[in-house]
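Enquirer: Take a look at this one; I'll ask things after.
The values are calculated or read from the model by the stated rules, or taken from the named source; none is laboratory data. Please read all numbers here as calculations on a predicted model, not as lab measurements. Don't worry about glycine lacking a Cβ; one is built from the backbone with ideal geometry, like all the others, and counts go over all protein chains shown. Keep in mind that these areas ignore ligands, DNA and RNA; they rest on the heavy atoms of the full protein, side chains included. Shrake-Rupley method; radii C 1.70, N 1.55, O 1.52, S 1.80 Å.
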Amino acid sequence: MTPVGAESSRQIPRQRSRSGAGQVQVLVAVGTDKHPFDRLVDWLRGWQPTVTDRVALTLQHGHTAVADVPGAVAFLGHDELQAAMSAADLVVCHGGPATILEARRHGRVPIVVPRDPSHGEHVDDHQLRFARRLGAAGLVVVCETRAAFLAALTAGLAEPSRFVVRADPDAARAREAAVARVGEIVEDLVVAANGRRAWWRPWSRSPRRGARG
């Protein structure tokens with residue numbers, strides 16, 4: 001998730017061992033967009049102190065200030081992101097299609113908080129449109145309010161297996177094809193609304209590049 005041209009020398013914060021502690025590994029990824037995602041980080045800032053002994057948090061915060069949130073790292077390279085997703089019990093992310101696809105590939109049903117342009121979090125509403133369509137299809141858990149976000153985290157801590165997808169290569173390929181088609185539809189909607197060509201088609205990029213959106 002390191003921006004193009006950025007050095008890939010950052011390390012995932014060391015998490016406390018779950019051995020005997022029953023901790024849930026939670027990965028939060030806001031992506032690399034230049035717009036800060038203060039709303040999501042503020043929700044985490046209020047939630048994390050209530051679950052300190054139960055949760056080991058990694059927060060990829062990009063361009064959002066997170067001075068008082070533990071487990072923070074600005075950006076993750078591709079391999080670091082894969083390792084973090086593989087180790088996570090719960091994945092929380094923005095509505096970037098590439099990040100969502102990565103989470104699904106690692107067998108996680110992501111808790112998705114789409115960036116909302118009305119809060120200055122993105123240039124348009126493509127994340128909202130994309131996340132809502134995937135949520136309606138049961139591929140992600142969409143949270144557009146603090147209450148919905150906290151409810152999803154509470155459910156995830158109580159039963160992390162609810163956010164795990166069984167490994168099934170054929171089903172995975174079918175899901176990815178469906179997600180790609182939904183993405184194309186959403187892109188066309190964004191183009192029609194804005195009168196310009198959208199810049200994101202993550203499914204056409206090499207999987208070796210970091211997730212963006």
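Enquirer: Could you tell me which residue of region 31-72 is most open to solvent (accessible area, probe 1.4 Å), considering only residues that are touching a strand residue (DSSP E or B) at 6+ places or on another chain (Cβ under 6 Å) and of a type in the set (A, V, I, L, M, F, W, C)?
Expert: Checked region 31-72; the qualifying residue most open to solvent (accessible area, probe 1.4 Å) is Ala72.
Enquirer: Something else: Under 6 Å between Cβ atoms, at least 6 apart or on separate chains: pull out the pairs that start in region 32-50 with a residue that is in a loop (DSSP other than H, G, I, E, B) and end on any residue that is at pLDDT 95 or above and open to solvent by 70 Å² or more (accessible area, probe 1.4 Å).
Expert: Correct list of pairs: Lys34/His63; Pro36/His63.
Enquirer: Consider region 101-146. How many of its residues are β-branched (Val, Ile, Thr), open to solvent by 40 Å² or more (accessible area, probe 1.4 Å) and touching a residue at least 12 places away in the same chain (Cβ under 8 Å)?
Expert: 3
Enquirer: Would you please name the residue that is farthest from Arg162 (Cα to Cα), looking only at residues in region 127-143 that are over 15 Å from the mean Cα position of the chain (by Cα) and outside any loop (DSSP other than H, G, I, E, B)?
Expert: Checked region 127-143; the qualifying residue farthest from Arg162 (Cα to Cα) is Arg129.
Enquirer: Take the conditions in contact with an Asp or Glu (Cβ under 9 Å, 6 or more places away or on another chain) and outside any strand (DSSP E or B) and apply them to Ser118. Does it pass?
Expert: Against the criterion (in contact with an Asp or Glu (Cβ under 9 Å, 6 or more places away or on another chain) and outside any strand (DSSP E or B)), Ser118 qualifies.
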